[in-house]
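The values are calculated or read from the model by the stated rules, or taken from the named source; none is laboratory data. It should be emphasised that the depicted structure is a prediction, and the values quoted were computed from it without experimental measurement. Neighbour counts run over all protein chains shown; Cβ positions are idealised from the backbone, glycine included. Please note that ligands, DNA and RNA were not included when accessible areas were found on the heavy atoms of the full protein model with its side chains. Shrake-Rupley method; radii C 1.70, N 1.55, O 1.52, S 1.80 Å.
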Amino acid sequence: AQSVTQLGSHVSVSEGALVLLRCNYSSSVPPYLFWYVQYPNQGLQLLLKYTTGATLVKGINGFEAEFKKSETSFHLTKPSAHMSDAAEYFCAVSALGGATNKLIFGTGTLLAVQP
Amino acid sequence: ETGVTQSPTHLIKTRGQQVTLRCSSQSGHNTVSWYQQALGQGPQFIFQYYREEENGRGNFPPRFSGLQFPNYSSELNVNALELDDSALYLCASSSGTSGNNEQFFGPGTRLTVL
């Protein structure tokens, strides 16, 4: 069985500050890991994904995440927050070799960026 | 390239009614997945269709059913609506069922059950 835990349902940072959104996963098989962003009244947009290979993954809009197997974590970071980063962020896991590519999502973290 | 589209955008129904939501997949995609996102929650997997066959199902009752058509568009049908069915319903398409096939999401249909 797979699951995702996102620590902190709400995170507030100042513009220009470091963004750190936490994600821990549980998976009995090697996982694929994803971060999605959701702006108000919109669908989900993929920020970045880890499948295999390099554990530091760079995504769109200056975001990156590092897969740490020993810590079962896939935290999302951005060095300097911008007002346009205010949105809800979801971490998700999919199973390597599964019959479907269904995504198991965390409960989300709402990021607020203060001027 | 046209992205994933969903219709309608918003829908209001009463308890006990039936509803049909529609999804057009991205060009070249043969796989469609449906998710339910309740307020304040992450999306929950309902089911997936691959080449017109159901390919997997989440923990949803049989009154949630679906179809996929030869052009790979899809419908989600919900019978005997309950208040808890109020949610954003997201459709996602992909070019296959492998875990590294990226899923592209539509904007969703907001269903309100009164």
So, with points 7 Å from each Cα along the Cβ direction, the B:K13-A:K68 label distance in nm works out to 4.5
Between B:F69 and A:S3, what is the label-point separation in nm under the 7 Å Cα-to-beta-carbon projection?
4.0
16 Å cut-off, amide nitrogen to a point 7 angstrom out along A:L20 Cα→Cβ, residues in the stretch A:54-89:
A:64-68, A:71-81
Size of the B/A contact, given as accessible area buried on both chains, probe 1.4 Å, in Å²
1700
Carbon/sulfur fraction of accessible area - the protein assembly as shown, other protein chains in place, 1.4 Å, %
50
Residue-normalised accessible area of chain A, given per residue in Å² at a 1.4 Å probe:
46
Here the averaged projected area of the protein assembly as shown, based on the convex hull of its alpha-carbon atoms and given in nm², is 12.4
Any chance you could check the stretch B:92-108 for residues losing 20 Å² or more of accessible area when the partner protein chains are in, compared with the chain on its own (1.4 Å probe)?
B:T97, B:G99, B:N100, B:E102, B:Q103, B:F105, B:P107
accessible surface per residue for chain B, probe 1.4 Å, DNA/RNA/ligands not counted, whole Å² -> 46
What whole-number distance in Å separates the alpha-carbon centres of the stretch B:8-34 and the stretch A:57-115?
26
Counting sequence-distant residues (5 or more places) and residues on other chains, those with an amide H built under 5 Å from that of A:A17 are A:A81
Count, lysine Cα pairs under 19 Å in the stretch A:14-115, 8 or more residues apart or across chains:
9
Ranked packing of A:19-25, A:6-12, most packed first, by mean Cβ within 10 Å
A:19-25, A:6-12
In peptide A:39-45, how many Cβ atoms from other protein chains are near each Cβ within 10 Å, on average?
6
